[in-house]
1. Between a first residue in the range 28-49 that is open to solvent by 60 Å² or more (accessible area, probe 1.4 Å) and a second residue that is hydroxyl-bearing (Ser, Thr, Tyr), which pairs have beta carbons less than 8 Å apart while being 6 or more apart in sequence or on different chains?
2. Could you list, in sequence order, all residues of the range 50-64 that are more than 18 Å from Val119 (Cα to Cα) and either at pLDDT below 95 or open to solvent by 70 Å² or more (accessible area, probe 1.4 Å) (or both)?
3. Might you let me know whether the range 57-66 holds any residue that is touching a Leu at 6+ places or on another chain (Cβ under 8 Å) and among the aromatic types (Phe, Trp, Tyr)?
4. Is it true that Ala101 is in contact with a helix residue (DSSP H, G or I) (Cβ under 7 Å, 6 or more places away or on another chain), at negative phi, open to solvent by less than 60 Å² (accessible area, probe 1.4 Å) and among the aliphatic types (A, V, I, L, M)?
5. Failed condition for His78, given (1) more than 30 Å from Ala130 (Cβ to Cβ); (2) in contact (Cβ under 8 Å) with a residue 12 or more places away in the chain; (3) touching a strand residue (DSSP E or B) at 6+ places or on another chain (Cβ under 9 Å); (4) not hydrophobic (A, V, I, L, M, F, W, C), with all others met?
6. Take the residues in the range 113-155 that are touching a residue at least 60 places away in the same chain (Cβ under 8 Å) and over 27 Å from Ala14 (Cβ atoms); name whichever of them is surrounded by the fewest Cβ atoms within 10 Å (Cβ to Cβ).
7. Can you tell me which residue among Phe110, Phe64 is over 19 Å from Cys37 (Cβ atoms), without any contact (Cβ under 8 Å) to a residue 60 or more places away in the chain and among the hydrophobic types (A, V, I, L, M, F, W, C)?
Amino acid sequence: MSGTSAALTPPADAVAPVRHPDAPAPGELLGAHYAQCFGCGGDQPHGLHLQARAGEGVSLTAEFTVQAGQQGAPGLAHGGVLATALDETLGSLNWLLRTIAVTGRLETDFVRPVPVGTVLYLEAEVTAVAGRKIYSRATGRVGGPDGPVAVRAEALFIEVKVDHFIDHGRPREIQAAMNDPDQLRRARAFEVNP
């Protein structure tokens, strides 16, 4: 990252992240945390439909294909869509910690254009934890998992309680998620939203 802010530098007392013992196994598809999520939900016709897989330690890989409805300049992905993909990928890391957290800060570098129809290959990892603060970084590549870097980001997530969503979300959606009989889907619904 060029020009990373001090807010994204872990403090001296930060510790290495620890993968939760119940986290998905390396290689396992994480699936959508919420069907209506713009980043990963299957019920969003214009969403990214980002697919993330658990990696080793507290890392993951993800990918999505840039669609025509996600362009900014003619034929190129909108920068906001790319930032969303990075945010979704970084937020998905919290499932490996089994922590409910929201984006506190996201700094993104746009390195090269990403054409419509391109698959963006993302890698992300948690780098440190300090109290409720979770520090992470991600890289997005084009042309394959080892292709040239197109985007990268660093982020700070803040651990919150489920009350954060209850207090700030729309009651109808909150209640529907809380009434889901699938305990895993119910827990994941409140995973990464701001």
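The values are calculated or read from the model by the stated rules, or taken from the named source; none is laboratory data. Worth saying up front: this structure is predicted, and the values here are computed from it rather than measured. All Cβ positions, glycine included, derive from the backbone under ideal geometry; neighbour counts span all protein chains shown. Surface accessibility is based on the protein's heavy atoms, side chains included, excluding ligands, DNA and RNA. Shrake-Rupley method; radii C 1.70, N 1.55, O 1.52, S 1.80 Å.
1. Phe38/Thr84
2. Glu56
3. Scanning the range 57-66, I find at least one residue that is touching a Leu at 6+ places or on another chain (Cβ under 8 Å) and among the aromatic types (Phe, Trp, Tyr), so the answer is yes.
4. Yes: the conditions hold for Ala101.
5. (2)
6. Across the range 113-155, the extreme among qualifying residues is Pro145.
7. Working: Phe64 fails: over 19 Å from Cys37 (Cβ atoms).
The unique qualifying residue is Phe110.
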